[in-house]
1. Suppose we keep only residues that are surrounded by fewer than 17 Cβ atoms within 10 Å (Cβ to Cβ) and assigned to a helix (DSSP H, G or I) within the range 153-171. Which one would you say is farthest from ligand 2 (Cβ to nearest atom)?
2. Do the conditions hold for N156, that is, is it away from ligand 1 (no atom under 13 Å from the Cβ) and polar (S, T, N, Q)?
3. Being under 24 Å from A37 (Cβ atoms) and more than 11 Å from ligand 1 (Cβ to nearest atom) is true for just one of V174, V81. Which residue is that?
4. Checking the condition modelled with pLDDT of 95 or more, within 15 Å of ligand 2 (Cβ to nearest atom) and either crowded, with 23+ Cβ neighbours inside 10 Å or not aliphatic (A, V, I, L, M) (or both), which residue from S194, S187 passes?
5. Could you check, for the range 173-185, whether at least one of its residues is touching a residue at least 24 places away in the same chain (Cβ under 8 Å), closer than 18 Å to G216 by Cα, of a type outside the set (S, T, Y) and in contact with a Gly (Cβ under 6 Å, 6 or more places away or on another chain)?
6. Looking only at helices (runs of 4 or more DSSP H) that lie completely in the range 217-269, which have at least 1 residues being on the phi < 0 side of the Ramachandran plot, acidic (D, E) and within 16 Å of the chain's Cα centre (by Cα)?
7. Just a yes or no: is a residue in the range 93-116 in a helix (DSSP H, G or I) and away from ligand 2 (no atom under 16 Å from the Cβ)?
8. Here is a check on your reading of the model: is I147 in contact (Cβ under 8 Å) with a residue 40 or more places away in the chain, within 11 Å of ligand 1 (Cβ to nearest atom) and either more than 23 Å from F244 (Cβ to Cβ) or surrounded by fewer than 20 Cβ atoms within 10 Å (Cβ to Cβ) (or both)?
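The values are calculated or read from the model by the stated rules, or taken from the named source; none is laboratory data. The model shown is predicted, which means the values in this text are computed figures rather than measured ones. Methodologically, a virtual Cβ is constructed for each residue, glycine included, from the backbone with ideal geometry; neighbour enumeration extends over all protein chains shown.
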Amino acid sequence: MANLENDGFFAEEVRRTMGESDLFLADGLAATEEKIAEILGADLPFITEVLRYAAGSGGKRFRPRLTLLSAATAGIDQKRVAGLAACMEGIHLATLLHDDVIDEAPLRRGRPATHRRFGNHLSILGGDYILTRVFQYLAKEVRNWEILNVAVATTNRMVAGEFLEMWRQERLDVAEDDYVKMITLKSAKLLEASCQVGAIAAGYDGCEYGAFTDYGLNTGISFQITDDCLDLAGEGEVLGKEGFADIRSGKITLPVIYGLTSPRGREIGAAVQAIWEGESVEHELVRALKEGGAFEKSRATARAYAEKGKDALTSVPPGEARDFLAAIADWTWCRKY
Ligand code: FPP
Ligand code: MG
């Protein structure tokens, strides 16, 4: 198991480095915002209203950061890949519009989710609109088959991952491998793709390209494990979304999988069943998970994936951009938001 000593100091270091990466990426992120506005630009005012609302609430811009940094390791001007970074954020945004309908999530990024403001139908159509605009931009403006294939194939995998998650709904017998497969498809694949498109644009191939694939995938798995821990034990105000969405919608995540085989397993199983029957015992569940060591163990697993992602970076040219990619991998397992 990963060594979790001195976590406080480590987390502070990571927070500082992430702040520095904001400076390093300032021009690239500003150009990405312009491209997001361009790609999402709609020809009908009522579509614009929905899209502006959905896109206007900020977010970490995590996927664009990966694209910009991956290309920057080869010295590519960040502005040259801002369109690709915007496409990755667009795919993310489109899938969130659908996901919040599926999860019946009330909040996203600190305000009512788009479906709460405009209804399920417009939220789903908004997601479809964004997705088709992204593919149109890639086909018409970027005109690189390899990049288009990564974007389309990744979106397809995300849908498969979401299917898989729904397939497992309200089942307690989800194995760790099944869970990792599911989060790989629905979430980590887009982080992998965000690195890949930056790497393709930078002209990488062979083992260097493979390094971005490995880095993105493993960092992505770490990111989603942490996301799932935060859904149960994070601070809603910091996250900008309401907690317990996964468990209330019948989804078992890694801390629960670990908790079920911990000494508190019987109690945890009963609490989960009770939540699925509509009882409000979420806080009791979280207490039992904490006491059974389930969050600690999940965090160690997330860290192990992040370390694997960092190891892959040894095949990437050294420099500031690579250092920030390594810092992002650390951030994925110790983040609070
Ligand atoms: C968030 O997970 C959801 C995803 C990462 C993927 C969602 C994918 C789809 C809905 C299918 C594809 C959709 C389109 C438009 C092609 P989460 O619910 O664990 O995270 P959250 O807490 O942020 O909601
Ligand atoms: Mg969700």
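1. Filtering first and then ranking leaves A153.
2. No.
3. Details: V174 fails: under 24 Å from A37 (Cβ atoms).
None of the other options fit; the residue is V81.
4. S187
5. yes
6. 245-248
7. The answer is no, given that none of the residues of the range 93-116 is in a helix (DSSP H, G or I) and away from ligand 2 (no atom under 16 Å from the Cβ).
8. Numbers: in contact (Cβ under 8 Å) with a residue 40 or more places away in the chain: yes; within 11 Å of ligand 1 (Cβ to nearest atom): no; either more than 23 Å from F244 (Cβ to Cβ) or surrounded by fewer than 20 Cβ atoms within 10 Å (Cβ to Cβ) (or both): yes.
No: the conditions fail for I147.
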